[in-house]
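The values are calculated or read from the model by the stated rules, or taken from the named source; none is laboratory data. Nothing here was measured: the structure is a model prediction, and the numbers come from that model. Reconstructed Cβ throughout: ideal geometry from the backbone, glycine too, with neighbour counts over all protein chains shown. Note: areas computed on protein heavy atoms with side chains; ligands, DNA, RNA excluded. Shrake-Rupley method; radii C 1.70, N 1.55, O 1.52, S 1.80 Å.
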Amino acid sequence: MIIRYGAKNFYCFKEGVEISFELTANCPTDISREKSISNLICLKGANGSGKTNALKVLPFLKEFCTNSFNRKPEDFIHIHSFFNSEEPIEMFCEFIMEGMEYNYELSLTNKRVISESLVRKKKRSVIIFERKDNEIKYLMKEFSELKKIKLRSNASLISTANQYEITETAPLYRFFFNILTNVSWSGREDFPTDFQAISKYYKENLDALKFTTNVIKSCDLGISNIYINQRENENGEFIYFPIFEHDTDAASKMLAFISQSSGTKELFRILPYYRLVLSTGGVLVLDEFDIKLHPHILPLLIKLFDNKRTNPLDAQMIFTTHNDNIIDYMKKYRLVIVNKDKSESYAYRLDEIPGDLLRNDRPIAPIYNSGKIGGVPKV
């Protein structure tokens with residue numbers, strides 16, 4: 001689980017951004033579920049405030065820690081500083097893995113890694129590895145296998161170690177690999193929309209089909225079941241496609257994918273990603289996750305992460321949305337506001353605001369929409 005993460009001199013965040021999942025002792029138990037770390041964080045803000053850039057830290061770390069070695073040695077690192085500042089970009093991610101707390105830190109430019117380190121926290125902080133430029137300066141004894149690797153200026157030590165098949169860093173690799181997102185270095189990107197490929201996945205993963213069917217049935221009262229059919233094309237290849245069963249007064253009727261609503265089509269496409277994160281205990285990072293979906297469906301998707309039955313491995317979800325219906329479900333402890341002033345962005349969680357403006361027994365949405373706590377456009 002992620003405890004907190006942040007970055008400095010990163011895109012529109014000059015002085016830095018920090019997003020924390022950690023819950024304070026003041027958080028009511030109906031929100032915390034008696035946990036110290038939240039499974040959910042929502043980012044709110046006006047268009048252009050920097051919400052997507054605040055998310056980008058995690059997709060960058062995923063890509064850098066798992067795939068950077070696969071790039072060519074001369075390739076630039078896909079990252080941007082504040083208005084192309086020549087100062088280093090600094091990043092960190094504190095997380096829990098296999099019951100232990102870790103802090104990963106990174107300093108780099110778009111051309112090279114300046115430093116990279118991992119610290120394990122127990123009774124005291126212990127350095128696991130520390131890298132300066134392309135030299136490993138310190139290694140914990142149990143990670144001595146890392147001495148074999150040859151570092152590269154544009155690649156992470158973790159990604160490099162994976163190519164060398166070093167087992168000691170495999171859990172670290174898996175932690176970052178299990179971050180699933182629709183955000184890249186250039187911004188929001190749709191998940192793949194090839195419904196035939198998704199249908200094949202469902203055919204081969206019946207538990208995933210059952211999961212999606214149950215969620216869609218909760219959202220679309222006309223659908224009673226989903227079947228995956230197949231046929232052979234002229235090349236002897238199997239083509240997979242879904243059939244949706246609808247209940248009518250007379251009898252059940254079958255309709256093809258093309259006849260479904262936009263919302264049902266979108267759920268059919270995206271729900272495998274939700275299930276994958278829930279089944280691995282990973283992190284789902286979504287920008288504008290509510291596109292094409294009715295506002296009443298949003299709480300249902302969010303509650304998948306807020307329910308021990310559907311989320312036994314403590315997977316997490318961090319997302320942006322312009323929909324305000326979700327505000328009073330998330331409450332001030334799980335809502336981060338992103339604002340911008342003179343082209344520089346900054347962020348704060350609502351429970352950091354002093355005073356009693358945001359009380360637990362008052363709705364937040366009217367106060368948010370009034371502009372008193374930031375995060376709304378000035379129009």
Residues of the range 37-82 that turn out to be touching a strand residue (DSSP E or B) at 6+ places or on another chain (Cβ under 9 Å), outside any loop (DSSP other than H, G, I, E, B) and either of a type in the set (A, V, I, L, M, F, W, C) or without any contact (Cβ under 8 Å) to a residue 40 or more places away in the chain (or both), as a count: 14
The range 196-218: number of residues that are open to solvent by less than 40 Å² (accessible area, probe 1.4 Å) and either over 13 Å from Leu278 (Cβ atoms) or free of Cβ contacts under 8 Å to residues at least 24 places away in the same chain (or both): 6
Only listed residue being assigned to a loop (DSSP other than H, G, I, E, B) and acidic (Asp, Glu), chosen from Asp361, Asp351: Asp361
Filter result for Phe82 (over 18 Å from Phe175 (Cβ atoms), among the hydrophobic types (A, V, I, L, M, F, W, C), touching a Lys or Arg at 6+ places or on another chain (Cβ under 6 Å) and open to solvent by less than 70 Å² (accessible area, probe 1.4 Å)): yes
Unmet requirement for Lys342, which otherwise passes all of (1) surrounded by fewer than 19 Cβ atoms within 10 Å (Cβ to Cβ); (2) closer than 19 Å to Pro299 by Cα; (3) free of Cβ contacts under 8 Å to residues at least 40 places away in the same chain: (2)
Considering residues of the range 219-240 that are within 30 Å of the chain's Cα centre (by Cα) and assigned to a loop (DSSP other than H, G, I, E, B) only, the residue surrounded by the fewest Cβ atoms within 10 Å (Cβ to Cβ): Leu221
Exclusive hit being free of Cβ contacts under 8 Å to residues at least 60 places away in the same chain and crowded, with 21+ Cβ neighbours inside 10 Å, set Val119, Val17, Val113: Val113
Residue list for the range 321-332, restricted to those being more than 18 Å from the chain's Cα centre (by Cα), in contact (Cβ under 8 Å) with a residue 60 or more places away in the chain and not in a loop (DSSP other than H, G, I, E, B): Ile327
Qualifying position, being closer than 30 Å to Trp185 by Cα, at pLDDT below 90 and surrounded by 14 or more Cβ atoms within 10 Å (Cβ to Cβ), among Leu278, Leu293: Leu293
Residues being part of a strand (DSSP E or B) and among the charged types (D, E, K, R) - total across the range 135-185: 2
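Identify the residue in the range 147-171 that is in contact (Cβ under 8 Å) with a residue 40 or more places away in the chain and touching a Leu at 6+ places or on another chain (Cβ under 7 Å) and, among all such residues, is farthest from Glu105 (Cα to Cα).
Thr160
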Filter result for Leu172 (within 14 Å of the chain's Cα centre (by Cα), among the hydrophobic types (A, V, I, L, M, F, W, C) and at pLDDT 95 or above): no
Count of the range 296-339 residues which are within 22 Å of Tyr11 (Cβ to Cβ) and open to solvent by 60 Å² or more (accessible area, probe 1.4 Å): 1
Residue check for Glu105: part of a loop (DSSP other than H, G, I, E, B) and either at pLDDT below 95 or of a type outside the set (A, V, I, L, M) (or both): no
Residue, most open to solvent (accessible area, probe 1.4 Å), within the range 346-365, restricted to residues that are touching a residue at least 40 places away in the same chain (Cβ under 8 Å) and either among the aromatic types (Phe, Trp, Tyr) or touching a helix residue (DSSP H, G or I) at 6+ places or on another chain (Cβ under 7 Å) (or both): Tyr346
